[in-house]
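The values are calculated or read from the model by the stated rules, or taken from the named source; none is laboratory data. Because the structure is a prediction, the values reported are computed rather than measured. Positions of Cβ are generated from backbone atoms using ideal geometry, with glycine treated the same way; all protein chains shown enter the neighbour counts. Side chains included, ligands, DNA and RNA excluded: accessible areas come from the protein's heavy atoms. Shrake-Rupley method; radii C 1.70, N 1.55, O 1.52, S 1.80 Å.
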Amino acid sequence: MKRILTLILALIILTLSLTCCTKTKNSKDDYQYMYTGIIKDWNKMTTSAYKVESLFGYGAYLYNSYLILFPRETPSTLNEFYYHWTPSIDVDGYAIYFTCKLDDAEKFSAFKSGLDSFEVKSRKLLYDEEHFSLPAYIIQWKEPEEKWEVLEYIMLDEENLTAVFVYTMMELDMIEKNSSYTVTPTDLHFLEKDFSIYLSDPSDTYDRYDNSFADCTYDISFLQYLT
């Protein structure tokens, strides 16, 4: 009994220490944190054998995404930015939200056309006008409200020529609290089955560790309209 209590106490202390390492970034100048700054902080918390160069791909503490439609360079059109990371014993929580306000309707239309035509291995983005506050292009929708929840999508505010980017690993509520847009859909379970442009079979739990997407080809040249 004493040994069990000691183990429970140790787990509580470890959980609290991880929570203290939570990172929040909410300035446009912090955009690169989700690609470079997070790696430095992430590697500080692990042993040399498990250090990483990126968080792309599938695994317990990774993004479980490639964020392929999120510009790698800070967009000149960037308007808002929010990033939250919660280290955990089992699965890390992540939240990324940012908006890009384009300077003319022609560029916005070209960006939208890029989303319409984007595909990987004949898989196109899911388009939804019913369950979000704005028309949305879904990149990934995996196990809503479960331990391995991964939601990734782009909403388009045509009236204000603004693209709204959302990615989360179990922290959609954090984005909702720190965004100027309503990003939560009316029903998290509106899809009949999981969806992902990254995975060959997103409904297969074990397929989450399939990192073959890194070898895929696709055209993301339309992201130039954001930069």
Report task. Kindly indicate whether any position in segment 72-84 is of a type in the set (K, R), part of a loop (DSSP other than H, G, I, E, B), closer than 22 Å to L151 by Cα and modelled with pLDDT of 95 or more. Result -> yes
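Pull up segment 185-212, narrow it to residues that are assigned to a helix (DSSP H, G or I) and over 16 Å from the mean Cα position of the chain (by Cα), then point me to the one that is surrounded by the fewest Cβ atoms within 10 Å (Cβ to Cβ).
Looking at the filtered set, the residue picked out is Y206.
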Query raised in the report: Would a scan of segment 55-78 turn up a residue that is more than 18 Å from the chain's Cα centre (by Cα), closer than 24 Å to H189 by Cα and open to solvent by 70 Å² or more (accessible area, probe 1.4 Å)?
Result: no
Query raised in the report: Of all residues in segment 102-139 being of a type in the set (A, V, I, L, M) and touching a residue at least 60 places away in the same chain (Cβ under 8 Å), which is most open to solvent (accessible area, probe 1.4 Å)?
Result: L126
Query raised in the report: Of the residues that sit in segment 157-169 and are open to solvent by 10 Å² or more (accessible area, probe 1.4 Å) and in contact with a helix residue (DSSP H, G or I) (Cβ under 8 Å, 6 or more places away or on another chain), which one is farthest from P202 (Cα to Cα)?
Result: L161
**Report entry** Failed criterion for T99 (all others in (1) in contact (Cβ under 8 Å) with a residue 24 or more places away in the chain; (2) more than 19 Å from the chain's Cα centre (by Cα); (3) open to solvent by less than 60 Å² (accessible area, probe 1.4 Å) hold)
**Finding:** (2)
Report task. Give segment 140-149 a look and list any residue that's on the phi < 0 side of the Ramachandran plot and open to solvent by 60 Å² or more (accessible area, probe 1.4 Å), or say none. Result -> E146, K147
